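Below is one structure, written out as structure tokens; comments come after it.
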Amino acid sequence: VAPRPWTQGGSMSHDRGMVSSRQWGLLFVGWLLAVVSTVGSLFFSEVMDYVPCVLCWYQRIPMYALAVILGIALVTQDVNVVKYAQPLALIGVALAAFHCLLYLGYVPKGIQPCSQDIPCSEVKLQVWGFLTIPLMSLAAFLAIVVVLFLLKRSKP
């Protein structure tokens, strides 16, 4: 019986090396953040009936991809996932930051991508008087960026 590729005796172990428990933990935290964000966005749209605006859809694209990519990296113990996941997370940060600025009124009407039917600046949810859906998205993407940065700097 051939050893599993992600175990010490497998052929892939020479490419990646064994991951430390810290690295595995960081992969798990990153994946968990992406999955909770994905499930949360689906809860808002499918259960709470909040129709996502254009910017929300654009933010969902990298977040849903991160949930899949980080899940695969977690199973295969691939710390090199940072090369692929970090750009997606940074794209998400840029989109979420733009959405927050738009939401706060700093983006002129002329460059707002949303339609009149589903405006990006509409307050659909506000927790504790300040926590909005765009801010939750920004926080999730920033947390994933930090986790991936720590993963890149960690030693096996």
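Failed condition for VAL107, given (1) assigned to a helix (DSSP H, G or I); (2) of a type outside the set (Asp, Glu); (3) modelled with pLDDT under 90, with all others met?
Every listed condition holds for VAL107 apart from (1).
Hey, can you tell me all the residues within segment 41-72 that are over 14 Å from the mean Cα position of the chain (by Cα), of a type in the set (Gly, Ala, Ser) and closer than 21 Å to VAL29 by Cα?
If the condition is that a residue be over 14 Å from the mean Cα position of the chain (by Cα), of a type in the set (Gly, Ala, Ser) and closer than 21 Å to VAL29 by Cα, then no residue fits.
Within segment 72-84, track down each residue that is open to solvent by less than 50 Å² (accessible area, probe 1.4 Å) and not acidic (Asp, Glu).
ALA73, LEU74, THR76, GLN77, VAL79, VAL81, VAL82
To keep it simple, each residue is scored yes or no on (1) assigned to a helix (DSSP H, G or I); (2) exposed (fewer than 15 other Cβ atoms within 10 Å of the Cβ).
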residue	(1), (2)
GLN23	yes, no
LEU26	yes, no
TRP31	yes, no
VAL35	yes, no
SER41	yes, no
ASP49	no, yes
ILE61	yes, yes
LEU70	yes, no
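Looking at segment 85-104, which of the residues that are out of contact with any helix residue (DSSP H, G or I) (no Cβ under 6 Å at 6 or more places or on another chain) and open to solvent by 50 Å² or more (accessible area, probe 1.4 Å) is modelled with the lowest pLDDT?
Ranking the qualifying residues of segment 85-104, first place goes to LEU104.
The values are calculated or read from the model by the stated rules, or taken from the named source; none is laboratory data. Note that the structure is a prediction, hence the values are computed from the model and not measured. When we count neighbours, we look across all protein chains shown, and the Cβ atoms used for this are built from the backbone with ideal geometry, even at glycine. For the accessible areas, the whole protein counts, side chains as well, though only heavy atoms, and no ligand, DNA or RNA atoms are used. Shrake-Rupley method; radii C 1.70, N 1.55, O 1.52, S 1.80 Å.
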